[in-house]
Amino acid sequence: MKIVYVSNYFNHHQKPLSDALFHLTDGEYTFISTAPMREERRELGYVMPDAPYHLIAYSDNAAKEKAMEIIKNADVVLTGSADYSYLNERIRSRKLLIKCGERPLRHGIEPFKYLPRRIKWHRQYPSDAPIYLLCASAYAAWDYARMGMFQNRAYRWAYFTETKRYQDIDLLIEKKEKNSLLWVARLIELKHPENILEVVRRLKKDSYDLSLNIIGSGPMEESLKRIAAENEITQEVTFCGAMSPDEVRRYMERAEIFAFTSNREEGWGAVINEAMNSGCAVVGSNAAGAVPFLICDSHNGLTYQSGNVEMLYKKIRYLMDNASERKRMGKEAYRTITELWNADVAAERLINLSRRILAGEKSPQLYENGPCSMAEILKE
């Protein structure tokens, strides 16, 4: 089976899935980049890895023509945020196309944009063509359904980060630093880092001995440091700045509790995959795209209502008060990633799903949960 992934640029988050697809197709896999990586992403630590299957289509006309030919002849074409001109002929010829994406309405309906958007998207992805949706957000199926798109053609998906398999996960969890909290993201409003500072303030007031590492940089940094100083929690909170992905993972391996506080504008949140894979007990905002897919409340982590700082505080305090539950959830989080939500499982399931669609099934339902299971209409 020849599979092609067409997106704006290749980065380290896409490599695990691409490696798995390249292996399972015996090399019949190509990732096509249609645009250079933005400098903003490079500053966040994004890198473009070397890979034998990567074709940089924007380098010259010959490369673009080669890319167009590969797309035309592929059995399956996946597309992310790609230049639409690469897909026109594929869609006109009614060949299988699978769109991978986050929720499109993260800012809500936006009345002035709704109708033009709806018309444009229906033209780009006509309902009578074999076009399917892989939802890299628990709310993507609902957003597209509001546009009248992808009904019974939407499947659960994710961003699949590198999956580490530890020789002894119990030992890793046992050696974590006591009462250690971790928060990782850009320091911007949609991530709500101020909420975790408020939790630390309350915990200190309640005589908890704890530490919080905040990894990331951004426009809120100075205001957050002022908040920490004003609330007298500078001894408990360390602002670590931006770090490489490998450095972040080392912090995750040492942290007991990982807090994820983003609002509905967070399309996915790949740090959740990494924290769960590192055996952290995660407390995640229910509005972020990854949380309803990855976390089953009280089983492999805890969820809270986005923006409800009181609820966030109580959930984190519960984990600090209950070491056995904290460790159990951390281990279940690790199992969730290593056994289900990872690139190897996703690649195998994607191939199986594609085969059934190519064989004539319009809405195959092969899996009850995890990657390529049917995405439910989940409203906030």
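Mind grabbing the base-10 log of I(q)/I(0) for the range 161-228 at q = 0.14, 0.26 Å⁻¹? Debye formula, identical points on the C-alpha positions, no solvent, two decimal places.
-0.57, -1.12
Along the Cα→Cβ direction, 7 angstrom out, place labels at Asn352 and Ala35. What is the inter-label distance in nm?
Spacing of the two 7 Å Cα→Cβ label points: 3.5 nm.
Evaluate E = 1/(1 + (r/R0)^6) for Leu340 and Ala242, where r is the Cβ-Cβ distance and R0 equals 22 Å; express this FRET efficiency to the nearest 0.05. Intermediate values should be presented prior to the final figure.
Working: r = 30 Å, r/R0 = 1.39.
Rounded to the nearest 0.05, the efficiency is 0.10.
Hey, rough spin-label estimate for Arg146 and Glu28, points 7 angstrom out along Cα→Cβ, what's it come to in nanometres?
Those two pseudo-labels are separated by 4.0 nm.
From the cross-link list Lys176/Lys379; Lys15/Lys66; Lys178/Lys225; Lys314/Lys379; Lys205/Lys225; Lys176/Lys204, which pairs have alpha carbons spaced over 30 Å apart?
Numbers: Lys176/Lys379 36 Å; Lys15/Lys66 22 Å; Lys178/Lys225 24 Å; Lys314/Lys379 24 Å; Lys205/Lys225 18 Å; Lys176/Lys204 20 Å.
In this structure, Lys176/Lys379 lie more than 30 Å apart at Cα.
Taking the Cα atoms only, what angle lies between the long axis of helix 221-230 and the longest principal axis of the chain, rounded to 10 degrees?
In the chain, helix 221-230 runs at an angle near 20 degrees to the longest axis.
Of Lys2/Lys164; Lys113/Lys191; Lys164/Lys331; Lys95/Lys362; Lys64/Lys120, which sit over 20 Å apart, Cα to Cα?
Values: Lys2/Lys164 28 Å; Lys113/Lys191 25 Å; Lys164/Lys331 13 Å; Lys95/Lys362 13 Å; Lys64/Lys120 25 Å.
The answer is Lys2/Lys164; Lys113/Lys191; Lys64/Lys120.
Can you tell me the FRET efficiency between Arg42 and Asn263 if r is taken as the Cβ-Cβ distance and R0 is 25 Å, rounded to the nearest 0.05?
Numbers: r = 25 Å, r/R0 = 1.02.
After rounding to 0.05, the efficiency reads 0.45.
Using Cα pairs closer than 8 Å and at least 6 residues apart in sequence, work out the relative contact order for the range 136-244, in percent. Show your work: numbers first, answer last.
Values: 100 pairs, mean separation 25.5, N = 109.
Computed value for the range 136-244: 23 percent relative contact order.
Tell me, what is the percent relative contact order of the range 1-103, built from C-alpha pairs under 8 Å that lie six or more residues apart?
Across the range 1-103, relative contact order equals 33 percent.
Applying 1/(1 + (r/R0)^6) with R0 = 22 Å to the Cβ-Cβ distance of Lys314 and Asp170, what FRET efficiency is obtained, to the nearest 0.05?
E between Lys314 and Asp170, to the nearest 0.05, is 0.20.
Just to be sure I understand: with springs between alpha-carbon atoms less than 10 Å apart, which residue in Thr25, Thr261, Thr34 has the highest mean-square fluctuation in the Gaussian network model of the chain?
The residue with the greatest mean-square fluctuation here is Thr25.
Expressed as a whole number of Å, what is the distance separating the alpha-carbon centroids of the range 202-247 and the range 156-196?
15 Å
Give me the percent relative contact order of the chain, please, defined on Cα pairs under 8 angstrom at least 6 residues apart.
On the way: 736 pairs, mean separation 64.2, N = 380.
With pairs under 8 Å counted, the relative contact order is 17 percent.
Which peptide among 358-366, 218-226 comes first, and what is the full order, when sorted by highest mean count of other Cβ atoms within 10 Å? Mind dumping the intermediate values first?
Values: 358-366: 12.1, 218-226: 13.9.
Result, highest mean Cβ count within 10 Å first: 218-226, 358-366.
In what sequence, highest mean first, do 87-96, 208-217 appear when ranked by Cβ atoms within 10 angstrom? Don't jump to the answer; show the numbers that get you there.
Numbers: 87-96: 15.4, 208-217: 18.7.
Order by mean packing, descending: 208-217, 87-96.
Name the residue, out of Asn342, Asn263, Asn322, whose mean-square fluctuation peaks in a Gaussian network model built on the chain with Cα pairs under 10 Å.
Asn322
With a point put 7 Å past each Cα toward its Cβ, work out how far Asp75 is from Asp206 in nm, to one decimal.
Once both label points are built, they end up 5.5 nm from each other.
Classify the range 169-339 as rounded, prolate or oblate from the Cα gyration tensor: take a ≥ b ≥ c as the square roots of its eigenvalues, call it rounded if a/c is under 1.5, otherwise prolate when a/b beats b/c and oblate if not.
Note, shape of the range 169-339 comes out rounded.
Quickly estimate the mean residue ellipticity at 222 nm for the chain, helices only: each DSSP H run with n ≥ 4 gives -39500 (n - 2.57), and the total goes over all residues, rounded to 500. The partial results should precede the final answer.
Numbers: 15 runs with 151 residues, N = 380.
Dividing the helical sum by the residues of the chain leaves -11500 deg cm²/dmol.
Read-outs: derived from the displayed coordinates by stated rules, not from any lab. Predicted model only: the values in this text are computed from it and were never measured. In this analysis, Cβ positions are derived from the backbone assuming ideal geometry, glycine residues included, and neighbour counts consider all displayed protein chains.
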